[in-house]
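Below: one structure, written as structure tokens.
Values quoted throughout were computed directly from the atomic coordinates according to the rules given, and no laboratory measurement underlies them. The structure presented is a predicted model; accordingly, all values stated were derived computationally and were not measured. Here the Cβ positions follow ideal geometry from the backbone for every residue, glycine too, while neighbour counts run over all protein chains shown.
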């Protein structure tokens, strides 16, 4: 059964003052296009949607400075909760000191790349939908763009009103991490992921949905189209964003500055938070755990065996356990130290909490929240109630009683059904489709 939280007013506040948005500019000079780090996709979903992978230049300049990547700690037999939390706190404090010591004035203009997966219907209907639904997916920390594919298989089996899906990948995750491995900084701010998303939506997402193939590097659109999108939104698309955790915060921050782009947003336990008390302690632990995470195995079979023995991964849907990179051995594409760098910087999350109540009320919000009877879920109960009603107008929430924070990994079938119901309720009539 699905439940929801009743209206809960905000009593929690942060002590951070939101920073102004940093504009991005076209990268100067000729950009040598890197090859895709993995073989081009040649498969499809359900025989209906073609899959392809594309790259675009990330936003420049970066918000964080160009500093060396910190060395990860040596592997240790000390894996007590106290040790891991101490390791995470030291790492987070070192990141704060790095900015306070003056490195924040160092501009990073190195060119980075974002990878995106595109899923598009092989053939469009005879009746062209001039504002058909485009679904834009943004992953959580530590997971690649393919993490959504199990949910998509369930979703697209019953939902017939989505013309195209784009699955985003942050610069230090998955294939993007492989492209950028020589140029990633030792500091990262979630604001840059929001700026990268805005750069893609404003300057690179094609004007119309076409069943034909697109180039691997997407072409930058004329400035006039980008300027129009910022004010009036998409001419031929209805954009619905779905973001999980870090991804949910990132895409919300994008929507705060470019509201015209978005019709609605589905926020899966988005990490928009005050980072007080238990949240702060839990973040220390997760940062430390990321730093000492195992990232390679002798074989894919051994990796999957290791995952299934883990309390965390044992609750996942079996089809979601992918995202491994094979090159002699099996290795995670997202380096643990860069996962920890994402965990360590919480300011943008707190800024988004402060700004959330100003989000354009025309953007309908659906919060999807965990309700599992675990310590993590119960300790964050009040935060999640307030998070779901931080912008109360045109907003609803549902609670998955069987899931913890990792909703797409644990409950992809249930998630797909909730998204399908939401899309059909909101868009089916306007697109001339009957509700299922």
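Brief remarks on what is shown
- For region 284-419, alpha-carbon Rg relative to the globular expectation (2.2 N^0.38 Å, N residues): 1.24
- Mean Cβ count within 10 Å, highest first, over the residues of peptides 33-40, 199-206: 199-206, 33-40
- The mean sequence separation of alpha-carbon pairs under 8 Å and at least six residues apart, normalised by the residue count of the chain, gives a relative contact order of 23 percent.
- Using a Förster distance of 22 Å, the FRET efficiency for residue 22-residue 217 (Cβ separation, nearest 0.05): 0.35
- Listed by Cβ neighbour count within 10 Å, with the fewest neighbours leading, 80, 158, 53 appear as 80, 158, 53.
- Take each peptide in 291-297, 345-351, count the other Cβ atoms within 10 Å of every residue, and average; sorted highest first, the result is 345-351, 291-297.
- Gain on full stretching of the segment that runs from residue 307 to residue 382 - 0.36 nm per residue minus C-alpha separation: 23.9 nm
- Its convex hull of Cα atoms gives the chain a direction-averaged projected area, equal to a quarter of the hull surface, of 20.4 nm².
- Among 231, 134, 191, residue whose mean-square fluctuation peaks in a GNM of the chain (springs only between Cα atoms under 10 Å): 231
- GNM result for the chain, Cα springs below 10 Å: residue of 139, 338, 54 fluctuating most strongly: 54
- Extended-chain gain in nm, criterion 0.36 nm per residue less alpha-carbon gap, residue 321 and residue 236: 27.1 nm
- Over all directions, the projected convex hull of the C-alpha atoms in region 217-273 averages 4.6 nm² in area.
- Candidates 138, 383, 22: whichever shows maximal mean-square fluctuation once the chain is modelled as a Gaussian network with Cα springs under 10 Å: 22
- Descending semi-axes in Å of region 148-263, equivalent ellipsoid built from Cα gyration tensor: 22, 19, 16
- FRET efficiency for the residue 417 to residue 208 pair, using the beta carbon distance and R₀ = 45 Å, is estimated at 0.95.
- A Cα-only calculation for region 209-319 places Rg and Dmax at 20.1, 53 Å.
- Structure-based [θ]222 nm, the chain - -39500 (n - 2.57) summed over DSSP H runs of at least 4, per residue, nearest 500: -10000 deg cm²/dmol
- Potential lengthening between residue 299 and residue 107 on full extension [0.36 nm per residue; Cα-Cα distance subtracted]: 65.1 nm
- Pairs of Cα atoms nearer than 8 Å and 6+ residues apart set the relative contact order; for region 244-349 it is 31 percent.
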